[in-house]
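The values are calculated or read from the model by the stated rules, or taken from the named source; none is laboratory data. Since this is a predicted model, take the numbers as computed values, not measurements. Virtual Cβ from ideal backbone geometry, glycine too; neighbours counted across all protein chains shown. To get the accessible areas, we keep the full protein, side chains included, count just its heavy atoms, and leave off ligands, DNA and RNA. Shrake-Rupley method; radii C 1.70, N 1.55, O 1.52, S 1.80 Å.
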Amino acid sequence: MRTKNAKRITSGESAHMGKVKESGCAVCGAGPYVDAHHIKQGAHFTTVGLCKQCHTGPMGIHGDKTMWRIHKMEEIDALNETLRRIYE
Ligand SMILES: [Zn+2]
Ligand SMILES: [Zn+2]
């Protein structure tokens with residue numbers, strides 16, 4: 001549900017997240033089509049490309065983070081990897 005303070009998503013944010021969603025999983029490399037995980041709610045430029053397993057799966061960032069430990073990744077590393085995949 002949209003709260004009173006929630007800002008409408010801009011075209012720039014939307015375009016960026018489109019690239020994130022085509023950049024593959026920053027943790028395990030699966031893809032190319034993945035979710036855009038928000039490190040901070042409402043901050044659309046700091047989103048990370050994550051497959052279902054590394055995102056909402058039981059071993060994902062919203063679960064027990066097993067996939068993240070296996071690949072020795074934290075959110076800031078995954079953000080760097082997402083941006084590298086988009087720009088390199
Ligand atoms: Zn993954
Ligand atoms: Zn998420």
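To the nearest 0.05, what FRET efficiency results for residue 9 and residue 39 with a Förster distance of 22 Å applied to their C-beta separation? Efficiency for this residue pair is about 0.85.
Once the C-beta distance of residue 52 and residue 75 is scaled by a Förster radius of 25 Å, the resulting FRET efficiency is 0.90 to the nearest 0.05.
Remark: relative contact order (the chain) = 25 percent; criterion is Cα-Cα distance under 8 angstrom and separation of 6 or more residues. For the chain, adding -39500 (n - 2.57) for each run of n ≥ 4 DSSP H residues and dividing by the number of residues yields -10000 deg cm²/dmol at 222 nm.
Rolling a 1.4 Å probe over the protein chains gives residue 14 an accessible area of about 60 Å². Average accessible surface for the chain: 67 Å² per residue, computed with a 1.4 Å probe over protein heavy atoms with every protein chain in place. What a 1.4 Å probe finds exposed on the range 5-44 is 48% carbon and sulfur by accessible area, rounded to a whole percent. Taking label points 7 Å from Cα along the Cα-to-Cβ direction, residue 64 and residue 84 give a separation of 2.8 nm.
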